[in-house]
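Asker: Below you will find the structure I want to go over with you.
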Amino acid sequence: MRKIFDIHGGVHPAENKHQSTQEVIGTIPLADEIILPLNQHIGTPAQAVVNVGDHVLKGQLIAEAEGVFSASVHASTSGNITAIEERAVPHASGMTARCIVIKPDGKDQWITLESCDDFSKLAHHELVEKIRVAGVAGMGGAGFPTAVKVNPRADNKIHTLILNGTECEPYITADDMLMRERADEIIDGAQLLAQLLDNPTDVLVGIEDNKPEAIAAMKKAAEGTSIDIVIFPTKYPSGGEKQLIEILTGKQVPSGGIPAQIGIVVQNVGTAVAAYRAVRYGEPLISRVTTIVGESLQQQRNIDVPLGTPIAHILKAHGWDATNCARLIIGGPMMGFTVEALTTPIIKTSNCILAPSNDEMPSQPPAQACIRCGMCAEACPANLLPQQLFWYAQSENFEQLREHNLFDCIECGACSFVCPSNIPLVQYYRASKGEIRKLDMEKEKSDRSRLRFEARQERIAHAEAEKEAKRIARKEAAEKAKKLLAEKAAEAPAKDIVTEAVASAKTKELDPEKEKAKLDRALSSASSRVERAKDSLASAQNEGADEARIDSLKARLKQSEQKVADAKVKLEQFGSKLASQGSVAKTVEKKMTASPKEQMEKAVVTLEKRIATAKEKLAEAEEQQSPSVGALQQGIKKLLQKLETNRKELAEIEPLSPVDGTGPGAGKTEENAAQAAIERAKAKAAAQASMSNEEKAVANIKSLDARLEKARQRLKKAQEESNDNIEAFQTGVEKLETKLADAKVAIEEGQS
C-alpha cells in the first residue's frame, strides 16, 4: 500500500453524484448552430484560418495556435462557416469573445485521419507535434495546452506522472463515468504521456474512495502495467493539482511555482484520453464528456457532446424546466460560475452544466459583517489567510495581497462554504486577481515604452557622437591640407595669375554645336507631340467621343503647344547667352593684361566718384540731422586715405611710362610694370606662407573687419535709396558678421 498524506483544511459538502451516474454516457442530436470560441484554453487565442462562406469537414483545422501557450481549434462537425464574430463564451465575467460559427450540413463528414498503430516507435518531437496539432488542452478546468506540459524544460527532470481522477467537486461525474467506460484508453493515454516524459519512475492515478466502480475498472485496465491506482479518502478539494500532489507524494509545490519544478507532472484523465486518440487515431479534440445535472431537468446524465454546442440545445434535449431553475451554472456549485446567455457553448474545459431547482439551490442569504471566527483559515487547503485577503481586497491594497500570496488561491470556495456571514470571498479574490493582472500588463507596457525611448535616445546620442567625430576629422584634414599647401606655396614660384584666369574663363565657354543640337532636338520632339495631339483630337471629334475625352485631348494639345513655345524661347536665349559667354575670356584677358598704370588710373577715378557721392549723402544727412552722419564721415575719411595711397602708387608708375605710350621703350616699360606687379604678388604670397597660424588668423580678422565695414556702408546706402536689393545687402552683412565672430572665437580658442 502506498502511503497517503493529508492536506491542510478542506470541507465535506454534499456530493450529489448519484443523480448523473444512473445511465451510460449518451449523445444528443447535432445543434442547429455550432459556436467555437477561439480561446478555449489558457493563453493566446487561436487565429482563424477560414472565412465566412467556407465549407468545412468534421475535424478540419479552423483556427491555428498563436504562439507557445495556445491551442488549435477544429470543426466539431461538417458544415458552412456563417460568421466570425463576438459571441457569449463560458467565463465568470460574462464576457464575449471572437467565435467561429458553423451551420451543420447534417452529414457529419470527417476529414481523412492519419492513424498510428504503434506510437512507441515515434520520436518524441513527432508525438508532441501530433498532440499540438490536435489542439489538446487540459480538460480538468485550467485548459493548459498539453503539448507544452509534456515537453518540460531540460533542467526539470520528471520522476512522477499523476493522472487526476479525483473529481471532488459536487454533482460532477464526467471523469467518474469516463473511468468506468473508457478505462483502457485512459491507461493507454497514461503510457503515452509517460513515454513523452522519458518514462518517469512513478505513474500514479489518484481516485477518491467514493468511486468504487471507477476504481475497479481502472485497476482491471492497469493490470500488467507499472501504473499504480492510488485510492484516498474523499475530501474537497483533493482534486486541486497542488493538493493532489501533496496527498500522493507528501511534497508541496513552492509558492508561485509549478509542479515540474519538483519533478512532477499532473494530467486529467480526460486529457490522457484526448492525447491518446490524437496520436492513435489522428482525432483532434472536438468533443468531451460533460455532466448534465440538476432537478430542473427531466433527465440527468453524462453525454459526449461536440464542442461548440449551445447549452440551450443541451438543456432542451434533457427536458429543462426554466420556471423551476434557480440559475444555470457552468461547472460545479463550489467553483462554477453562473451564465445568463443560453447561447453560451460547451468548450474544452466545460465539464458540467448544473441546472438546480429553486428548492435544490435557494438564493444565497445576504452577506453580513465578518465576525473574525477564523473558520475560513481552517478550511483553506492552500494554507492562506482568507480573512486578511478579504480585508485587503476590499481596500484594494494590492501590495499586501501579493505579500499574502493571493495567487496561490485555487478559488475552490471552501472559505465561502464555511463562512457563517455568507461573505462571497472567492468573488473578491477573483476581482482582485483580475485588477492586479491588469496593472501588471499596464506596467509591462509602460516598461516596454520606457526601454524603447531609452534605446532611441542612445541611438541619437551615438549618431551625434559619430557626426561630431567625423566633423573633427574633416577639420583636422582641412588644416593639414592648408598647411601642406602653404609649405608648397612658399617653396614654389608664384604662378602666372593672368594665364590661369584666361584659361579658367575659356573652360567655362559652351560648346555651341552640342548645345544647339540639344535645343533643336527638344523643339523637334515638342513639334511632333503637337501634331500627334492634333490628330488624336480630330479622330475623337469625328468618332463622336464624349465631352470629357475631347476636353482631355484639348488640354494635352495646349500643353504640347506650350512646350513648343518654351523650346523656341530657349533656342533664342541660347544665341544671346552664347554671344555673352563667348566674350567672357576676352573680357577677363583684357582686364588682366591691362598695364598697372591703366588699372591704377581706373581705381583713382572710381574712388573720386565714390567720394563725391559720399559727400553729397553727408550733406543731406547733416541737413536732416541723421544719426548716420558719423558713419558717413568715417567712410569719407577712409576713402580719402585710400585715394591718397593710390595716387602715390600712380605717381611711382608714371615716370616709368612714356608720355604718349608710343615711344621705343613703351613695350618694355609696360612689361617691367607687369613684372613688378607679379613680383609684388609673389612677395605677398611668400609673406603669407611665412606667417604663423595665429598671424594668418589676425590678418583674416582685419580683412573681415574691412569687408564688413564696406558691406555695412553699402547696406546703409541701399536703405537710404530704397534699393530693391536691401535684403541681399542685409544677408551679406549677416554672413560677414558670422564669419568674423567665428574667426575671433577660433583665435581665442587657439590662444587658450
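Asker: Treating cross-link reach as a plain straight distance, find the aspartates and glutamates whose alpha-carbon is under 15 Å from the alpha-carbon of Lys642, omitting any fewer than eight places away in the same chain.
Answerer: Result set, ordered by chain and number: Glu601, Glu608, Glu709.
Asker: When the convex hull of the Cα atoms of the range 375-439 is projected onto a plane and the area is averaged over all directions, what value comes out in nm²? Before the final figure, lay out the partial values.
Answerer: Values: hull surface 15.0 nm².
Average of the hull's projected areas for the range 375-439 equals 3.8 nm².
Asker: Exceeding 27 Å between C-alpha atoms, which entries from my cross-link table qualify? They are Lys638/Lys717; Lys467/Lys744; Lys648/Lys739; Lys602/Lys735; Lys467/Lys702; Lys638/Lys696.
Answerer: On the way: Lys638/Lys717 16 Å; Lys467/Lys744 24 Å; Lys648/Lys739 33 Å; Lys602/Lys735 30 Å; Lys467/Lys702 32 Å; Lys638/Lys696 24 Å.
Among Lys638/Lys717; Lys467/Lys744; Lys648/Lys739; Lys602/Lys735; Lys467/Lys702; Lys638/Lys696, the Cα-Cα distance tops 27 Å for Lys648/Lys739; Lys602/Lys735; Lys467/Lys702.
Asker: Let me ask something else. List the GluC sites (Glu not before Pro) in the range 99-134 that DSSP assigns to loop (not H, G, I, E or B) and whose Cβ has at most 15 other Cβ atoms within 10 Å. Which are they?
Answerer: Working: sites: Glu114, Glu126, Glu129; in loops: Glu114.
When the GluC sites (Glu not before Pro) of the range 99-134 are filtered for loop state and at most 15 Cβ neighbours within 10 Å, Glu114 remain.
Asker: For the range 401-453, what is the per residue volume of the convex hull drawn over the alpha-carbon atoms, in cubic angstrom?
Answerer: Details: hull volume 4.0 nm³, N = 53.
Spread over its residues, the Cα hull of the range 401-453 gives 76 Å³ apiece.
Asker: Efficiency by 1/(1 + (r/R0)^6): what FRET value for Ala699 and Glu616, r their Cβ-Cβ distance, R0 = 30 Å, to the nearest 0.05?
Answerer: Details: r = 34 Å, r/R0 = 1.14.
With R0 = 30 Å, the Cβ-Cβ based efficiency is 0.30.
Asker: Let me ask something additional. Could you work out how much longer the chain between Gln22 and Thr112 gets when fully extended? Use 0.36 nm per residue separation minus the Cα distance between them, nm to one decimal. Could you put the intermediate results ahead of the total?
Answerer: Details: separation 90, 0.36 × 90 = 32.40 nm, distance 3.59 nm.
Between Gln22 and Thr112, full extension yields 28.8 nm more.
Asker: Which lysines does Lys130 reach when only Cα atoms under 23 Å apart count, and residues fewer than 8 places away in its own chain are ignored?
Answerer: The qualifying lysines are Lys58, Lys121, Lys149, Lys157, Lys348.
Asker: Taking the chain as the reference, fit the longest principal axis to its C-alpha atoms, fit the long axis of helix 547-582 to the helix C-alpha atoms, and give the angle between the two in degrees, 0 to 90, nearest 10.
Answerer: The angle comes out near 40 degrees.
Asker: Sticking with this structure for a sec: Tell me, what ³J(HN,Hα) does each residue in the range 440-451 have, in order and in whole Hz, if you take phi through Karplus 6.51 cos²θ - 1.76 cosθ + 1.60 with θ = phi - 60° and put x for Gly and Pro?
Answerer: 5, 5, 5, 5, 4, 5, 5, 5, 5, 5, 5, 5
Asker: Taking 0.36 nm per intervening residue step and subtracting the Cα-Cα distance, what contour gain separates Asn156 from Thr44 on full extension? Don't skip to the answer; put the middle values down first.
Answerer: Numbers: separation 112, 0.36 × 112 = 40.32 nm, distance 2.43 nm.
Contour length minus Cα-Cα distance gives 37.9 nm.
Asker: If I model the range 602-655 as equal point scatterers sitting on the Cα atoms and use the Debye formula, what is log10 I(q)/I(0) at q = 0.28 Å⁻¹?
Answerer: Those come out to -1.02, one per q.
Asker: Here's a follow-up. Points 7 angstrom from Cα along the Cβ direction at Glu85 and Met1: gap in nanometres?
Answerer: That separation, rounded to one decimal, is 6.1 nm.
Asker: Here's a follow-up. If amide H atoms are built 1.01 Å from N in the plane of the peptide, which residues on other chains or at least 5 residues away come under 5 Å of the amide H of Gly165?
Answerer: It is Gly206, by chain and number.
Asker: If you line up the long axis of helix 269-280 against the longest principal axis of the chain, both from Cα atoms, how many degrees apart are they, to the nearest 10?
Answerer: Helix 269-280 and the main axis of the chain meet at about 70 degrees.
Asker: Related question: Scaled to the compact-protein estimate 2.2 N^0.38 Å, what is the alpha-carbon radius of gyration of the range 307-348, rounded to two decimal places? Don't skip to the answer; put the middle values down first.
Answerer: On the way: Rg = 10.4 Å, N = 42, 2.2 N^0.38 = 9.1 Å.
Working it through for the range 307-348, the quotient is 1.14.
Asker: So how tilted is helix 212-221 from the main axis of the chain? Cα-based, degrees 0 to 90, rounded to 10.
Answerer: The helix 212-221 is inclined about 70 degrees to the chain.
Asker: Dividing the Cα radius of gyration by the Kirkwood radius, what Rg/Rh value follows for the range 49-120?
Answerer: Values: Rg = 14.6 Å, Rh = 13.9 Å.
For the range 49-120, the value is 1.05.
Asker: For the range 250-376, what D do you get in µm² per second when you plug the Kirkwood radius from alpha-carbon pairs into Stokes-Einstein at 4 °C and 1.567 mPa s?
Answerer: Numbers: Rh = 17.4 Å.
Once the numbers are plugged in, D ends up at 74 µm²/s.
Asker: Report the Stokes-Einstein translational diffusion coefficient (µm² s⁻¹, integer) for the chain, Rh taken as the Kirkwood radius over Cα pairs, at 25 °C with viscosity 0.890 mPa s. Write out the running numbers ahead of the final one.
Answerer: Working: Rh = 36.7 Å.
Diffusion coefficient, whole number: 67 µm²/s.
Asker: Any idea how far apart Lys219 and Asn397 come out in nm if each label point goes 7 Å out from Cα toward Cβ?
Answerer: Spacing of the two 7 Å Cα→Cβ label points: 5.2 nm.
Asker: Still on this structure, please answer the following. Can you give the FRET efficiency for Leu571 and Arg437, using 1/(1 + (r/R0)^6), R0 = 60 Å, r = Cβ-Cβ distance, to the nearest 0.05?
Answerer: Details: r = 78 Å, r/R0 = 1.30.
Approximately 0.15, to the nearest 0.05.
Asker: Lys219: which aspartates and glutamates have alpha carbons under 12 Å from its alpha carbon, excluding same-chain residues fewer than 8 sequence positions away?
Answerer: Asp184, Asp228
Asker: Which value in deg cm²/dmol, rounded to the nearest 500, describes the helix-derived mean residue ellipticity at 222 nm for the chain, given -39,500 (n - 2.57) per DSSP H run of n ≥ 4 and division by the residue count?
Answerer: Details: 22 runs with 386 residues, N = 752.
After summing the helix terms and dividing by the residues of the chain, the value is -17500 deg cm²/dmol.
Asker: Let me ask something else about it. If you wrap a convex hull around the alpha carbons of the range 18-354, what volume per residue comes out, as a whole number of Å³?
Answerer: Details: hull volume 43.8 nm³, N = 337.
In the range 18-354, the Cα convex hull volume per residue is 130 Å³.
Asker: At 7 Å along Cα-to-Cβ for each site, give me the label-to-label distance between Glu444 and Asp742 in nm.
Answerer: For Glu444 paired with Asp742, the spin-label model returns 5.3 nm.
Asker: Could you give the length gained by full extension between Ala14 and Ala477, i.e. 0.36 nm per residue of separation minus their alpha carbon distance, to one decimal place?
Answerer: Working: separation 463, 0.36 × 463 = 166.68 nm, distance 9.25 nm.
In short, 157.4 nm is gained.
Asker: Scan the chain and hand back the longest stretch that contains none of the trypsin sites (Lys or Arg not before Pro) lying in DSSP loops with at most 13 other Cβ atoms within 10 Å.
Answerer: Details: sites that count: Arg2, Lys3, Lys107, Arg153, Lys157, Arg372, Lys495, Lys508.
That would be 509-752.
Asker: How large is the convex hull of the Cα atoms of the range 322-415 per residue, expressed in Å³ as a whole number?
Answerer: Details: hull volume 13.8 nm³, N = 94.
Taking the convex hull of the Cα positions in the range 322-415, it is 147 Å³ per residue.
Asker: Oh, and also: Report, for the chain, the % of DSSP beta bridges that are antiparallel, rounded to 5. Mind showing how you got there, number by number?
Answerer: On the way: 33 of 54 bridges.
In the chain, DSSP labels about 60 percent of beta bridges as antiparallel.
Asker: A further question follows. So what's the range 156-204 giving for Rg/Rh, alpha carbon basis, Kirkwood Rh from the mean inverse pair distance?
Answerer: Values: Rg = 12.6 Å, Rh = 11.9 Å.
Ratio value, two decimals: 1.05.
Asker: Could you pull out every Cys in the chain that lacks a partner Cys with its beta carbon under 4.7 Å away?
Answerer: Cys99, Cys116, Cys168, Cys325, Cys352, Cys370, Cys373, Cys380, Cys409, Cys412, Cys419
Every number here is computed from the coordinates shown, using simple stated rules; none is lab data. For clarity, every value in this text was computed on a predicted model and none was experimentally measured. Every residue, glycine among them, receives a Cβ derived from its backbone with ideal geometry; neighbour counts consider all protein chains shown.
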